[in-house]
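Everything below concerns the one structure shown next.
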Amino acid sequence: MKLQPKFLIPALLIVALSGTTLANNLWAGMEGNRHTNLTIMLASIAVTTIIILITYRTLVNSRLDKLLEISMQHFPDQRLNQNQKALCHDKLDEVISSFQQMSAEIDKREKALIESVEFSTTILNSISEAVAVIDPDSRTIITVNPAFLRMYNISLGDAIGAPCHEATRCNSIENENTDSSCPGSVALSSQSPYKADRTGIFNGEQHFFEVCATPIFNNKGETIQLIRVARDITKAKKQEQKIRRLAYHDTLTGLPNRTLFKDRLEQALLLSTRNDSGNVSSGILAFLDLDEFKSINDNFGHAAGDELLKIVATRLNACIRESDTVARMGGDEFLVIFHNVTNDKHASTLAEQILSALNKPIILFETTVTISASIGLCFFPKHGTTFDELLKCADEAMYKAKNVGRNTFYIANNDKPPK
């Protein structure tokens with residue numbers, strides 16, 4: 001019967017202990033030959049140790065032989081000699097060592113990956129702009145940073161998995177809610193970054209955002225993610241609007257100033273040139289100057305004069321249509337563009353409406369006053385095809401109205417601008 005490998009070590013230990021015991025007895029019983037007994041005892045211990053090492057090696061090799069036997073079942077025609085078996089043992093040792101190294105490398109890379117994710121998360125969370133990572137197919141949000149939650153006043157649970165347009169509630173500046181106006185859609189269709197201004201209502205206030213969408217590709221060139229970065233530009237936008245208003249509007253009355261009025265009159269001239277021919281007019285320019293305005297300043301002060309100008313601006317705005325324009329030239333002079341006025345009768349009606357509105361009593365600092373104005377009217381493009389020509393024509397017509405008694409109007413009737 002063949003002794004199983006698992007019984008070899010216990011058996012050898014018994015033999016070793018027996019040999020050691022026998023040597024000890026010999027040592028005790030042979031007082032005269034202690035050196036000989038000592039030599040025998042040490043030799044038995046050495047032999048036992050060698051036998052144990054050989055047995056352990058045999059046990060390991062038997063396991064390797066079993067592994068070889070299993071692996072060679074797929075190659076029944078091949079036979080291995082002793083050298084080949086020894087080589088296989090060495091190769092298996094190398095494989096085991098390689099697996100250990102591979103396991104260590106996997107652990108190392110896993111640790112590096114975790115550190116990389118933590119580092120990326122730290123960077124994402126430290127960005128002051130609102131960042132969202134979006135799935136390009138479903139257009140739903142994968143992850144966001146804290147700035148996104150603060151900017152759009154939304155919780156993390158509501159943001160993750162929600163469609164981007166629902167979470168941000170943004171519209172284009174032009175209020176176009178079509179897919180073609182969405183920065184993410186444009187970026188995906190063009191396969192390149194795209195930036196646009198968006199607006200949204202949060203906490204009852206309008207906010208403006210500069211949104212940049214960038215597609216992310218894998219090594220095959222496929223879009224795997226869409227990065228959306230938004231920056232709140234509300235303060236800058238309002239400042240820009242304020243600057244624009246100061247540049248194109250009168251600071252006292254809020255009416256368009258000379259610069260904006262000139263631009264609108266030139267646009268009206270372009271339209272009249274396209275739509276009309278010959279001397280057919282498409283509108284009128286009215287030049288209005290308040291009568292005796294200086295006496296208001298002298299008697300009531302400049303504060304009262306400013307208040308009067310504001311009231312005049314309000315009344316003039318009430319006399320015009322949405323397509324028309326009222327502007328303040330400076331001082332007590334105002335300009336009005338009336339579109340689609342083709343004859344003197346219509347022009348006279350508009351002028352009379354203005355005079356009637358201005359003649360109504362005005363209360364200035366608990367004092368009731370009345371005012372009037374002189375108005376000069378000219379047609380365009382009949383009396384001029386440039387801003388300067390029409391302004392000169394209407395100015396001369398206004399002075400003619402003052403000369404005939406004020407609180408009246410005068411329509412230019414010459415075919416050419418005054419010289």
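The values are calculated or read from the model by the stated rules, or taken from the named source; none is laboratory data. None of these values were measured; they are calculated from a predicted model. So basically every Cβ, Gly included, is an ideal-geometry build from the backbone, and we count neighbours across all protein chains shown. Areas reflect the complete protein model, heavy atoms only, side chains present, ligands, DNA and RNA absent. Shrake-Rupley method; radii C 1.70, N 1.55, O 1.52, S 1.80 Å.
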>> What are the pairs with Cβ atoms under 7 angstrom where one residue, in segment 180-196, is of a type in the set (Val, Ile, Thr) and the other, located anywhere, is at pLDDT 90 or above? Sequence gap at least six, or different chains.
In response: 186/194
> Of all residues in segment 213-226, which are open to solvent by less than 40 Å² (accessible area, probe 1.4 Å) and within 11 Å of the chain's Cα centre (by Cα)?
Replying inline: 213
>> Condition check: open to solvent by 90 Å² or more (accessible area, probe 1.4 Å) and touching a Phe, Trp or Tyr at 6+ places or on another chain (Cβ under 9 Å). Does residue 262 satisfy that?
In response: no
> Tell me, which strands (runs of 3 or more DSSP E) wholly within segment 298-373 include 2 or more residues that are in contact with a His (Cβ under 6 Å, 6 or more places away or on another chain) and either farther than 23 Å from residue 405 by Cα or touching a residue at least 12 places away in the same chain (Cβ under 8 Å) (or both)?
Replying inline: none
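From the list 193, 163, 146, pick out the single residue that is at pLDDT 90 or above, open to solvent by less than 80 Å² (accessible area, probe 1.4 Å) and in contact with a Ser or Thr (Cβ under 6 Å, 6 or more places away or on another chain). Even if it seems obvious, please write down each step before you answer.
Values: 193 fails: open to solvent by less than 80 Å² (accessible area, probe 1.4 Å); 146 fails: in contact with a Ser or Thr (Cβ under 6 Å, 6 or more places away or on another chain).
Selected residue: 163, the only one of 193, 163, 146 that is at pLDDT 90 or above, open to solvent by less than 80 Å² (accessible area, probe 1.4 Å) and in contact with a Ser or Thr (Cβ under 6 Å, 6 or more places away or on another chain).
If you scan segment 388-407, which residues turn out to be open to solvent by 40 Å² or more (accessible area, probe 1.4 Å) and over 25 Å from residue 263 (Cα atoms)?
Let us first name the residues in segment 388-407 that are open to solvent by 40 Å² or more (accessible area, probe 1.4 Å), namely 388-389, 392, 395-396, 399-400, 403-407.
Selection gives 400, 403, 404, 405, 406, 407.
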> Which ones in segment 227-259 are acidic (Asp, Glu) and open to solvent by 80 Å² or more (accessible area, probe 1.4 Å)?
Replying inline: 240
> Mind checking which pairs have a first residue in segment 120-133 that is of a type in the set (S, T, N, Q) and a second that is open to solvent by less than 60 Å² (accessible area, probe 1.4 Å), Cβ under 7 Å, 6 or more apart or different chains?
Replying inline: 125/145; 125/146; 128/147
>> Checking the structure you have, find out if any residue of segment 200-216 is in contact with a Cys (Cβ under 7 Å, 6 or more places away or on another chain) and not aliphatic (A, V, I, L, M).
In response: yes
> Since residue 173 meets every condition but one in (1) surrounded by 12 or more Cβ atoms within 10 Å (Cβ to Cβ); (2) at pLDDT 90 or above; (3) out of contact with any Cys (no Cβ under 8 Å at 6 or more places or on another chain), which condition does it not meet?
Replying inline: (2)
> Looking only at segment 310-349, which residues are surrounded by 21 or more Cβ atoms within 10 Å (Cβ to Cβ) and more than 19 Å from residue 263 (Cα to Cα)?
Replying inline: 312, 316, 332, 341, 347
